[in-house]
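Notes follow the structure.
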């Protein structure tokens with residue numbers, strides 16, 4: 001029997017009743033949903049700080065003031081207070097959580113680590129840099145007691161410490177930033193010692209670890225170039241001949257340390273089972289970049305030629321050489337690698353043309369279609385900033401050649 005035939009036997013009044021039922025049900029569902037939405041909208045927004053305090057009070061009432069569940073609650077409370085910039089209260093919460101960890105697991109327990117890092121952050125925002133350093137030294141101490149100073153398991157801890165000092169660098173004055181770099185270099189030396197003694201060059205993490213140590217040396221050398229090196233009295237070097245010799249010696253020291261680290265990157269990639277000729281070529285070219293920014297032009301040219309030749313046996317040699325070496329590239333030894341810039345400029349960027357010499361020096365710098373609001377001072381600042389950059393030059397048959405180049409650059413802020 002067909003559906004139509006069946007429905008024709010339903011009395012008309014029942015058809016209307018069914019229709020009414022469906023309509024009423026639909027309105028009921030919609031009304032209920034709307035009412036529920038209103039209830040949700042009228043609910044007060046939960047306050048994480050109050051929630052953590054209530055939870056802490058409940059745990060203390062049911063168990064004790066040193067219950068193991070409390071330490072995590074205090075860590076969460078501290079982070080909530082930190083996020084609303086209540087730094088003094090956040091510090092107190094972190095310290096209380098750490099105290100509970102110590103009572104339950106011992107004065108040298110590794111479970112204190114997140115509290116110590118959080119205390120270091122909080123103290124830095126309060127301007128208490130010495131207290132931040134004490135917290136990080138405590139973090140280092142409890143880990144060395146657990147593993148030993150030269151154990152490979154110290155590398156993640158040293159990574160955390162190095163990240164902290166480099167991240168907080170921008171928040172400090174020139175002298176304060178230099179103090180961060182002094183500690184960072186000590187950390188790097190400890191990492192280098194562990195890598196040299198306990199980590200094989202064929203370890204998959206070895207290239208990135210050595211590369212990071214090399215980049216740090218550039219960061220330090222660049223800081224000294226811009227701000228000078230504070231003496232014991234806190235004053236920077238003068239511009240006299242003794243200052244020049246000291247600066248040259250310092251620059252050479254960081255050049256040498258960075259060079260050794262980047263050479264290790266190349267050696268490690270040669271031994272890596274999964275490393276390609278492209279990986280090796282990029283690492284050798286980066287070593288050439290290192291020579292170039294430190295004024296070692298002939299060593300740079302030799303490294304670039306070697307990087308070009310490494311791709312000789314690759315099936316896609318010409319294509320890879322074209323991608324890597326056919327146009328200049330700005331040299332950047334950034335500890336935090338940023339993605340490649342977009343091909344098109346943003347509204348705040350300028351299109352800048354220049355000639356990159358065979359030694360990576362920008363020349364004939366010109367802004368294409370400069371906007372009307374670009375002042376002479378801004379243009380001068382932009383040229384000065386680009387002049388201080390160095391570029392990996394174009395390679396033709398492995399030899400450096402001058403080449404026209406275009407980049408998109410942020411427009412300098414006007415002087416206030």
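Coordinate-derived values only; no laboratory data. As the structure is a prediction and not an experimental result, all values here were calculated from the model. Neighbour counts are summed over all protein chains in view; Cβ atoms, including those assigned to glycine, are modelled from backbone coordinates with ideal geometry.
Each distinct pair of alpha carbons in region 349-410 adds a 1/r term; the inverse of their mean, the Kirkwood radius, is 12.2 Å. Our estimate of slack between residue 88 and residue 276, defined as 0.36 nm per intervening residue step minus the Cα-Cα distance, is 62.5 nm.
Could you give the distance between the Cα centres of region 94-148 and region 50-76, to the whole Å? So the separation of the two Cα centres works out to 20 Å.
In what sequence, highest mean first, do 277-283, 83-89 appear when ranked by Cβ atoms within 10 angstrom?
Details: 277-283: 19.9, 83-89: 13.0.
Order by mean packing, descending: 277-283, 83-89.
Sorting 190, 392 from the fewest to the most surrounding beta carbons within 10 angstrom yields 190, 392. Counted residue by residue at 0.36 nm each, then reduced by the alpha carbon distance between them, the extension gain from residue 54 to residue 105 reaches 15.9 nm.
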